[in-house]
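Please treat every number below as a calculation from the coordinates, not as lab data. Since the model is a prediction, treat every value here as computed from it, not as a measurement. Please note: Cβ atoms are built from the backbone with ideal geometry, for glycine as well, and neighbour counts cover all protein chains shown.
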Amino acid sequence: MAVVDDNDTDLLLLLSEQRRELSSAITADSDLDFAFQLQMQEAINLSSTLQPSSSSSSSHQPPPLLLTEVTESPSGVAHLLAEQIDTFSQHRLDRKLVESETRSMQENLNRLIHDQVFARQMANIPEHEWKQTGDWFEKPYGLSPESNEEVFRVYCKGLVSEEMVGRCGRMLFGGVGVAVCDSVDCLVFELGKTVVVDGGDGGGDGGDGGGDVEVKALIEGLSAAVSVGVKRVRVFCDSNLVYQYLTGKGQPTTNKTMALVDQLNLLQRKFAYCGPLLVRQNDIKFAYKLATEAIRSEATKFAERISGRTLLEQCIICFESIYSGQMFSVNKCMHRYCFSCMRKHVEAKLLQGKLPECPHENCNSNLEIESCKKFLNPELYDIMSLRVKEASIPPTDKVYCPFSNCSFLMSKTELQEHAPASSSSTAARGMGMRNCVKCYRYFCINCKVPWHENFTCENYIRCFPHRSVNEAKLKSLATRNRWRECTKCKNLVELAEGCYHISCRCGYEFCYTCGAEWINKKPTCRCPIWDERNIIHRGQNRR
């Protein structure tokens with residue numbers, strides 16, 4: 001139940017009283033103007049009746065006043081005051097909303113910390129003790145101060161970069177990236193924003209970021225940690241100069257930097273623990289990426305502003321107002337999203353081994369790879385090209401080159417079209433000899449090994465049960481870890497967590513325990529569907 005502050009109550013009463021007085025003043029002002037209008041109209045009418053009627057006098061008779069000219073123009077000052085009161089009220093409601101969202105974020109963070117501590121404690125209970133007392137093990141939320149014990153990680157990066165901006169040439173832009181994570185690097189808060197850059201920000205200790213911009217990044221990071229209610233933090237930065245500022249070993253040389261460092265010191269005092277750590281740039285690559293994206297976005301916006309392309313659209317995923325040039329339109333359904341959201345969506349789908357579709361709910365429109373070039377980097381584009389080719393070949397027709405330094409994907413039809421024309425290889429081709437489309441080396445399509453000239457497939461498999469030493473190691477590793485082989489596409493599958501119902505990327509569904517097929521989302525075997533050890537999420541093992 002919300003507690004109402006007495007000051008807020010008095011403020012609401014005062015605003016209500018001011019609105020009532022302004023409304024009365026506007027009404028009275030309108031009535032007075034209306035009365036004056038009527039009196040003036042009567043005087044003019046009386047004057048016109050006393051004057052002699054003539055064509056000349058009638059032509060110079062002033063036009064009658066219109067009532068709407070007065071009644072629709074009450075006191076402008078009163079209206080201005082009313083607008084200011086409404087604006088103040090709206091700002092107050094907005095502030096209350098922000099405070100409510102901040103409290104909700106802090107509550108969610110405390111629950112997350114509690115759940116992670118509880119999960120770690122459960123995972124550390126010995127098996128014999130769990131069987132005896134596991135059903136009674138509990139840790140109610142709110143009874144222990146986990147949030148005060150947890151040490152959060154704050155990753156900060158400030159960058160200053162020269163970007164090409166149309167006809168303006170190269171211009172300096174500054175950006176900061178902040179990522180607040182828990183002790184096992186689960187993301188709690190992220191921020192990427194641009195900052196104002198002047199000539200002094202290009203200095204500092206070298207590298208990509210200026211000294212002042214690096215300090216601004218730390219200020220943003222610590223402010224974000226304070227806003228979500230974090231009490232203990234470890235700050236990661238890759239700037240030696242800023243690290244000296246944090247530890248008090250270095251002193252700023254300019255008044256501007258001195259003011260920023262003072263602000264940084266005040267923020268540090270708000271934490272029960274604040275430990276700085278100097279790391280390599282690779283260790284803060286997430287914050288580095290956020291700062292880079294902020295700079296590029298600002299440079300793009302600036303270029304579009306000076307070129308007159310300032311039309312804005314709202315992306316319905318991130319709800320940001322984006323310039324039309326940075327919006328991607330799906331060709332088939334015409335749904336539109338910003339480049340940043342589309343890049344994250346496509347990357348997530350590709351890493352799952354799937355072809356991305358339109359992210360709109362219940363829309364199955366496929367994304368055309370050439371149109372995705374607008375927002376994909378070369379690495380993701382190559383992965384998507386491979387996924388498109390894999391999807392175009394039925395699982396039973398897929399053939400991979402058996403040479404480890406090639407492994408090129410082909411189809412049986414493609415191999416047939418690239419068959420060697422010499423008659424001497426006709427008999428060998430009848431036995432299964434093919435040559436790779438990419439490396440042109442010969443292999444056996446039946447047993448998927450380099451071509452065995454004087455062996456039949458049966459004899460070769462009998463003599464060489466494992467095609468190589470690495471395959472023997474893989475088979476041994478798969479047996480030891482209980483990996484399963486998909487009977488349709490022969491790919492190995494490992495169950496990391498979840499139930500025993502496996503959906504292979506080739507579309508085949510089977511039981512992880514015995515390999516029996518699932519049909520219409522139902523098993524054809526009687527194996528258990530899940531095990532409790534695979535359902536409980538062990539977050540501490542995921543870094």
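At a glance:
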read-out	value
Inter-part distance where the stretch 318-338 and the stretch 246-297 are each reduced to a Cα centre, Å	35 Å
Neighbour cut-off at most 12 other Cβ (10 Å), DSSP loop, trypsin sites (Lys or Arg not before Pro), the stretch 219-281	LYS249, ARG269, ARG280
Cα principal axis extents for the stretch 220-292, largest first, Å	31, 27, 20
Computed over the stretch 311-392, Kirkwood Rh from alpha-carbon pairs, angstrom	12.9 Å
Point-to-point label distance, LYS438-GLU162, nm (Cα→Cβ direction, 7 Å offset)	3.9 nm
Diffusion constant of the stretch 147-294 at 37 °C, which comes from Stokes-Einstein with the Kirkwood Cα-pair radius and 0.692 mPa s, µm²/s	215 µm²/s
Filtered trypsin sites (Lys or Arg not before Pro), the stretch 484-532: DSSP coil and at most 10 other beta carbons within 10 Å	LYS521, ARG526
Using a Förster distance of 35 Å, the FRET efficiency for LEU477-CYS318 (Cβ separation, nearest 0.05)	0.25
GLU127, GLU497 arranged by Cβ crowding within 10 Å, fewest neighbours leading	GLU127, GLU497
Lys/Arg +1, Asp/Glu -1 at C-beta; the stretch 147-294 dipole; positive extreme among LEU264, CYS237, LEU290	LEU264
Extension reserve of the MET122-GLU379 stretch, reckoned as 0.36 nm per residue once the Cα distance is removed	88.5 nm
Computed lengthening from ARG170 to ASP185, 0.36 nm per intervening residue step minus Cα-Cα distance	1.7 nm
For the stretch 385-401, 3J(HN,Hα) per residue [Karplus equation, 6.51 cos²θ - 1.76 cosθ + 1.60, θ = phi - 60°, Hz, x = Gly/Pro]	4, 5, 5, 5, 5, 4, 5, 7, 10, x, x, 6, 9, 6, 9, 9, 4
DSSP-loop chymotrypsin sites (Phe, Trp or Tyr not before Pro) across the stretch 293-381, with at most 16 other Cβ within 10 angstrom	PHE319
